[in-house]
Amino acid sequence: MTLNLKKTLLAAAVALAATSVNAATELTVYTALEADQLKSYAKGFETANPDVKIRWVRDSTGIITARLLAEKENPQADAILGVAATSLLVLKDQQMLQPYKPEGVEALSEQFVDKDATPSWVGMNAWVASICYNRIEAEKHGLPLPTSWKDLTKPVYQGHVVMPNPNSSGTGYLDVTSWLQTFGEEQGWAFMDDLHQNIDRYTHSGSKPCKMAASGETPIGISFAYRGAKLISQGAPVDLAFPSEGLGWDMEAAAIVKGTKKLDAAQKLMDWAVTRDANMLYNDNFAVVAMPGVAKPVENYPANIADRMIDNDFEWAALNRERILKEWQRRYDGKSEAKN
């Protein structure tokens, strides 16, 4: 083989490789997943679908939901992965989701799939409310470990509790709607009135109250179990408390944005999202996942966490979202952190 021929073949191979890379479809995916989850999920999907690359757009649930609603007439996202089901029900009501039945969706638990014959969204995993309790800071202030939500309204906790703002945080919204369902609306708002007296501040991130507890910025953060469990594994002096009245929860969910010009790639993402491999990745972070028989115990979670989850009415939470958030803001927004 002549030198020139070798050079020609090498150049052709390089050009072919470059063409293959350039041929990969870039899929814009909106998410509220924690930043430390995105890499493994993208790797799992892209390994199974090398012709598609994910471009994440990440923010807190409330902010991502507001952004999607604002872009209704000119959608910028192709798909959604890891946004609260209550938010996706709002988008479905606005006819912003493209119905699609992923291949293999029948293997998921019914409660994790939109009830329509051709579902508009599918669930991935559940994330569950909990209290992050810094043992060292609590001892300094003489604060006992709370065992119920109502414990947090006791005078001893005044100024020592941080929780997420439900207008910007999906965790905050699941807290508020779970209290309204558990206690009833009248008593639920009365509970939050009492809790508000003890709140130091409301954050715009669901994980931040637990991170603050781990770093000693607050003794008690109302957050969710995933973040607390990870921080404990990293050596933080934190205990997780799971209140006796029951735990609010929501599910991460996936959907296709109506109007996407990359429908084929978005459908591939949905097909992957319901696979056993995907559910095994979800189980790395969450104890309750959509596919039965997959979940194994997660470190620092109670074995019976699924039994502690309330019977959550997602449709009620979605239909009443605007009313609940407006009332919460009227009552409590004065203690919210400034938005960056």
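Some points to look at:
- For the range 267-332, size of Cβ-based charge dipole, Lys and Arg +1, Asp and Glu -1, in debye: 300
- The range 83-186: trypsin sites (Lys or Arg not before Pro) in DSSP loop, at most 10 other beta carbons within 10 Å: LYS115
- At R0 = 25 Å, FRET efficiency that the Cβ-Cβ distance of ASP311 and LYS335 yields, to 0.05: 0.25
- Antiparallel DSSP beta bridges within the chain, as percent of all bridges there, nearest 5: 60
- Low-density loop cleavage sites - GluC sites (Glu not before Pro) in the range 250-340, where at most 12 other Cβ are within 10 Å (DSSP): GLU299
- Extension gain for ASN320 to GLN234 (0.36 nm times residue separation, less C-alpha to C-alpha distance): 27.1 nm.
- DSSP bridge pairs, the range 11-132: antiparallel proportion in percent, nearest 5: 10
- Over the range 113-203, the Kirkwood radius and the radius of gyration, each from Cα atoms, give a ratio Rg/Rh of 1.08.
- On the beta carbon distance between LYS154 and ASP59, with R0 = 25 Å, the FRET formula returns roughly 0.15.
- The label-point distance for ALA117 and GLU299, in a model that sets each label 7 Å from Cα toward Cβ, rounds to 4.8 nm.
- Taking all pairs of distinct alpha-carbon atoms in the range 212-295, Kirkwood radius in angstrom: 15.7
- The loop-placed chymotrypsin sites (Phe, Trp or Tyr not before Pro) in the range 85-161, going by DSSP, include none that has at most 16 neighbouring Cβ atoms within 10 Å of its Cβ.
- With a cut-off of 19 Å on the backbone N, the residues of the range 89-107 near the modelled label site 7 Å out from GLU73 along Cα-Cβ are 91, 94-97.
- Candidate lysines for bridging to LYS154, where Cα separation is under 28 Å - those fewer than 8 sequence places away on the same chain excluded: LYS140, LYS208, LYS211, LYS326, LYS335
- Rg and Dmax [Cα atoms of the range 69-133; Å; Rg one decimal, Dmax integer]: 13.7, 44
- Rounded, prolate or oblate (a/c below 1.5 giving rounded, otherwise prolate when a/b exceeds b/c) for the range 27-169 by Cα gyration tensor: prolate
- Sites GLU110 and ALA24, calculated FRET efficiency, Cβ-Cβ separation with R0 41 Å, nearest 0.05: 0.70
- Carbon/sulfur fraction of accessible area - the chain, other protein chains in place, 1.4 Å, %: 50
- Test item: Cα-centred dipole of the chain, Lys/Arg +1 and Asp/Glu -1 on Cβ, debye: 1180
- Rolling a 1.4 angstrom probe over the protein heavy atoms with all chains in place gives the range 229-339 an accessible area of 49 Å² per residue.
- Comparing THR182, THR171, THR47 in a Gaussian network model of the chain (Cα springs below 10 Å), the most mobile by mean-square fluctuation is THR47.
- Option label - Cα Rg over 2.2 N^0.38 Å computed here, alternatives (i) 0.92; (ii) 1.34; (iii) 1.10: (iii)
- Solvent exposure of the range 25-91, expressed per residue, is 40 Å² of accessible area, with all protein chains present and a 1.4 angstrom probe.
- Straight-distance crosslink candidates among lysines, where the alpha carbon sits under 18 Å from LYS258 and sequence neighbours closer than 8 are dropped: LYS72, LYS92, LYS101, LYS268
The values are calculated or read from the model by the stated rules, or taken from the named source; none is laboratory data. Not measured: the values here are computed from a predicted model. Please note: Cβ atoms are built from the backbone with ideal geometry, for glycine as well, and neighbour counts cover all protein chains shown. All accessible areas refer to the heavy atoms of the entire protein, side chains included, with ligands and DNA or RNA removed. Shrake-Rupley method; radii C 1.70, N 1.55, O 1.52, S 1.80 Å.
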